[in-house]
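A.B. asks: The following block contains the structure, expressed as structure tokens.
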Amino acid sequence: MRLRPSFIALPVALALGGSSAAAAAPAGSSAPPLGPDSPAKIVAKVALPSAGAAREPGGEAGWQLVWADEFAGSSIDRAKWDFDRDCWGGGNSERQCYTDRPANAAVAGGLLTITARKERFAGPALPAHMRTAPDKAAERATRDYTSARMVTRGKAAWRYGRIEIRAKLPAGQGTWPAIWMLPEEQAYGAWAASGEIDILEAVNLGVACKECPGGRENTILGTLHFGGQWPKNAFNSTETNAPGVLDGFHTFGIVWAPGRIDWTYDGRVYATKRRGEWWSAASRDPDAPFDRPFHLILNLAVGGGLSEERGVKGVDETIWPQRMQVDWVRVWQCRPVAASGASCKGDR
């Protein structure tokens with residue numbers, strides 16, 4: 001989920017092949033690692049792997065469950081989740097105000113439901129970390145949509161592990177569901193110097209798409225943001241077509257270890273990024289900034305740069321409300337055991 005100052009909306013550019021592909025080569029190749037002089041925007045496109053053709057971390061020994069929310073109660077567990085409450089627009093010119101109202105986020109029937117609604121709403125113009133001064137705290141904004149952005153910030157954060165979320169995504173032009181992570185502390189500086197891990201993003205699912213299998217938008221994205229503080233930031237993203245993504249619930253995840261992050265869809269790794277495919281302006285450690293604890297974020301945005309620049313453009317005002325439903329969130333960490341067969345240490 002790209003965070004940028006509200007006055008800027010940068011397009012997503014593709015850096016495929018040529019020097020960009022060479023710069024992003026995995027560790028162990030002859031290509032140099034990425035750095036400040038490398039392309040700021042790299043997007044690779046891959047095919048989903050078939051059964052047996054990719055790592056399946058859920059079948060490995062040694063994973064220990066360390067945190068979970070099964071959404072089994074009748075209300076959101078405030079010991080696990082907090083809410084962002086603002087009408088900032090995420091730095092992407094998104095169109096919603098985020099609230100903590102049950103109308104926008106609620107638990108029932110074993111599911112968390114985040115609902116984006118078309119309704120006028122007023123709230124703080126800036127996110128909490130930007131409204132510490134009295135004049136900033138007093139600024140208000142009014143938007144035409146509401147939604148929710150739930151965070152584990154201050155309650156749970158992890159450095160390394162296997163993180164999976166089983167969710168059902170919304171459809172329509174202007175929808176932007178996201179499952180992602182931000183650093184618990186900005187050890188290397190303000191965004192994006194301290195990093196961002198996007199486990200899952202999708203925009204405009206189900207909208208007509210000539211390039212997509214089946215003729216409908218079914219692209220999912222996994223992305224890292226890093227480098228320096230905006231505007232000297234960079235990102236490295238992988239996109240894949242997931243033709244069944246709108247058929248119901250699917251599991252989105254990452255496996256994060258020192259120097260390596262894998263992205264999974266329904267348990268299979270479809271993308272991998274290694275040290276050398278990201279960089280830090282504030283550290284010479286090749287694992288930085290992805291060597292510190294990160295917290296989890298679940299949100300459903302309305303509009304914004306990524307969604308409005310793709311598909312048929314803009315926001316379809318006739319499709320609301322739209323919902324992202326979450327069956328469960330689970331976090332494991334690797335406790336390797338002496339056993340035959342695959343271990344959670346994987347190919348490290």
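A.B. asks: Quick check: residue separation of Ala342 and Lys155 times 0.36 nm, minus the Cα distance between them. What number comes out in nm?
C.D. replies: Taking 0.36 nm per residue and subtracting the Cα distance, the gain is 64.1 nm.
A.B. asks: So for the chain, what are the equivalent ellipsoid semi-axes in whole Å, largest first, each being the square root of 5 times an eigenvalue of the Cα gyration tensor?
C.D. replies: Each semi-axis is √(5λ); the values are 29, 23, 22 Å.
A.B. asks: Another question, then. Pull out the extension gain between Asp37 and Glu119, defined as 0.36 nm times the separation in residues minus the alpha carbon to alpha carbon distance; nm, one decimal.
C.D. replies: 25.1 nm
A.B. asks: Can I ask one more? How many Lys pairs in region 85-226 lie less than 27 angstrom apart by Cα atoms, where the lysines are 8 or more positions apart or on different chains?
C.D. replies: Total qualifying Lys-Lys pairs in region 85-226 comes to 5.
A.B. asks: Using alpha-carbon positions, what is the distance between the centroids of region 96-155 and region 272-344, in Å?
C.D. replies: 20
A.B. asks: Full extension from Asp247 to Ala72: what is 0.36 nm times the residue separation minus their Cα-Cα distance, to one decimal in nm?
C.D. replies: 60.7 nm is the gain from fully extending Asp247 to Ala72.
A.B. asks: Quote the charge dipole size of the chain about the Cα centre in Debye, to the nearest 20; the model charges only the Cβ of Lys and Arg (+1) and of Asp and Glu (-1).
C.D. replies: That gives the chain a dipole magnitude of about 220 debye.
A.B. asks: Measure off 7 Å from each Cα along the Cα-to-Cβ vector at Ala128 and Lys45, then give the distance between these two points in nanometres to one decimal.
C.D. replies: That separation, rounded to one decimal, is 4.0 nm.
A.B. asks: Using label points projected 7 Å from each Cα along Cα→Cβ, tell me how many nm separate Glu211 and Asp316, to one decimal.
C.D. replies: So the two model labels end up 2.0 nm from each other.
A.B. asks: If the cut-off is 18 Å between C-alpha atoms, which lysines fall inside it for Lys345, apart from same-chain ones fewer than 8 positions away?
C.D. replies: Leaving aside lysines fewer than 8 places away in the same chain, those within reach of Lys345 are Lys273.
Quick note: the coordinates plus some simple rules give every number you see, no bench work behind them. None of these values were measured; they are calculated from a predicted model. So basically every Cβ, Gly included, is an ideal-geometry build from the backbone, and we count neighbours across all protein chains shown.
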